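> Take this structure, written in structure tokens, and hold onto it; I'll ask about it next.
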Amino acid sequence: MLSRTERQAETRRDLIDAAERRFTDQGFHATSIDAVAAEAGYTKGAVYSNFASKEDLFFAVYERRVDRRVEEMEAALRDAPTTLDAIQRMIPGAGDRPEADDGWLAVFFEFWAHVLRHPELRERFARQHRRVIEPLAKASEELVSERARRQPGETYRLATARFAMQLGLQLERLTQPDVVDADLGRRMGLILMEGESDGLQS
């Protein structure tokens, strides 16, 4: 028999699962708290007992996805034979990593636009961005170190640029899947890394 704490954790997990399905299928604005509650098999009150708002519920979904993505990136950095291989594995669609889910990408960009109009949400959103960029920054720093020169303060900026490029390509892929396939992201990532390497040699 589950304890009260375990039941609460299970309820929260069920609600996050249901919210992820609804947000992915219908979008952020089109998804209601009532719909999430019904999907999970709970009352609307159960949602508000666990989350302060629909935005808070979305953040719970997003933060869990970030947890998983960071684990994948850290595993790539730990297990890949070289740092360059690790960075390539971090690129969406590269290697054995499945193509990103279009429904999630659509609601992610929708919520990003929502955050821009709500300054009180920006820091929490940015904090998740930074978590994803940090493994990339670490990989960039290791790559720079392997090339025998460091650029103090530049590795995080370069990692942010690489992350932004991949996000932009994923956004384009939503409307131009015939142009922006998984291989384009990999190729552009390599071009960017080669450019960084050339800069290090100059």
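The values are calculated or read from the model by the stated rules, or taken from the named source; none is laboratory data. Remember, it's a predicted structure, so these values are computed and weren't measured experimentally. Cβ: placed from backbone, ideal geometry, glycine included. Neighbour counts: every protein chain shown.
> Which condition does T31 not pass, out of (1) loosely packed, with under 13 Cβ neighbours inside 10 Å; (2) in contact with a helix residue (DSSP H, G or I) (Cβ under 9 Å, 6 or more places away or on another chain); (3) not in a helix (DSSP H, G or I), if it passes all the others?
Here T31 meets the rest and fails (1).
Here's the yes/no breakdown for (1) modelled with pLDDT under 95; (2) closer than 19 Å to R64 by Cα; (3) under 20 Å from the mean Cα position of the chain (by Cα); (4) not assigned by TED's automatic domain parsing to the domain that holds R65:
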{"position": "T5", "(1), (2), (3), (4)": "yes, no, no, yes"}
{"position": "R12", "(1), (2), (3), (4)": "no, yes, no, yes"}
{"position": "E20", "(1), (2), (3), (4)": "no, yes, yes, yes"}
{"position": "F28", "(1), (2), (3), (4)": "no, yes, yes, yes"}
{"position": "S32", "(1), (2), (3), (4)": "no, no, no, yes"}
{"position": "K44", "(1), (2), (3), (4)": "no, no, no, yes"}
{"position": "V47", "(1), (2), (3), (4)": "no, yes, no, yes"}
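> While we're here: Please state which one of R127, R89 is surrounded by 14 or more Cβ atoms within 10 Å (Cβ to Cβ), outside the structural domain of R4 (by TED's automatic domain parsing) and charged (D, E, K, R).
Details: R127 fails: surrounded by 14 or more Cβ atoms within 10 Å (Cβ to Cβ).
The unique qualifying residue is R89.
> Could I ask something else about it? Exactly one condition in (1) within 30 Å of A137 (Cβ to Cβ); (2) free of Cβ contacts under 8 Å to residues at least 24 places away in the same chain; (3) outside any loop (DSSP other than H, G, I, E, B) is not met by A86; state its number.
For A86, the exception is condition (2).
> Next up: Going by the conditions given, is Y48 of a type in the set (S, T, Y) and either under 22 Å from R131 (Cα atoms) or touching a residue at least 40 places away in the same chain (Cβ under 8 Å) (or both)?
For Y48, the condition - of a type in the set (S, T, Y) and either under 22 Å from R131 (Cα atoms) or touching a residue at least 40 places away in the same chain (Cβ under 8 Å) (or both) - is not met.
> Now for a separate question. Looking at the stretch 1-29, I want the residues that are within 11 Å of F58 (Cα to Cα) and have a partner that is assigned to a loop (DSSP other than H, G, I, E, B) with Cβ atoms under 6 Å, at least 6 apart or on another chain. Which pairs are those?
Pairs that qualify, where the first residue is within 11 Å of F58 (Cα to Cα) and the partner is assigned to a loop (DSSP other than H, G, I, E, B), are R22/T31; F23/T31.
> Among the listed residues P177, P135, P152, identify the single one that is farther than 22 Å from V70 by Cα, at pLDDT 70 or above and in the same structural domain as L105 (by TED's automatic domain parsing).
None of the other options fit; the residue is P177.
> Return yes or no: is A76 more than 15 Å from F111 (Cβ to Cβ) and at pLDDT 95 or above? Walk me through how you get there before you give the answer.
Working: more than 15 Å from F111 (Cβ to Cβ): yes; at pLDDT 95 or above: no.
No, not satisfied.
> OK, next. Please count how many residues of the stretch 36-51 are in a helix (DSSP H, G or I) and surrounded by fewer than 16 Cβ atoms within 10 Å (Cβ to Cβ). Talk me through it step by step, then tell me what you get.
Going through the stretch 36-51, the residues in a helix (DSSP H, G or I) turn out to be 36-40, 44-50.
Okay, now just the ones that are also surrounded by fewer than 16 Cβ atoms within 10 Å (Cβ to Cβ), so 38, 44-45, 48-49.
Final tally of qualifying residues: 5.
> Among the numbered conditions (1) under 21 Å from R124 (Cα atoms); (2) surrounded by fewer than 17 Cβ atoms within 10 Å (Cβ to Cβ); (3) of a type in the set (S, T, N, Q), tell me where T24 comes up short.
(2)
> Just checking, how many residues over the stretch 1-48 are in contact with a Lys or Arg (Cβ under 9 Å, 6 or more places away or on another chain) and among the hydroxyl-bearing types (S, T, Y)?
Within the stretch 1-48, residues that are in contact with a Lys or Arg (Cβ under 9 Å, 6 or more places away or on another chain) and among the hydroxyl-bearing types (S, T, Y) number 2.
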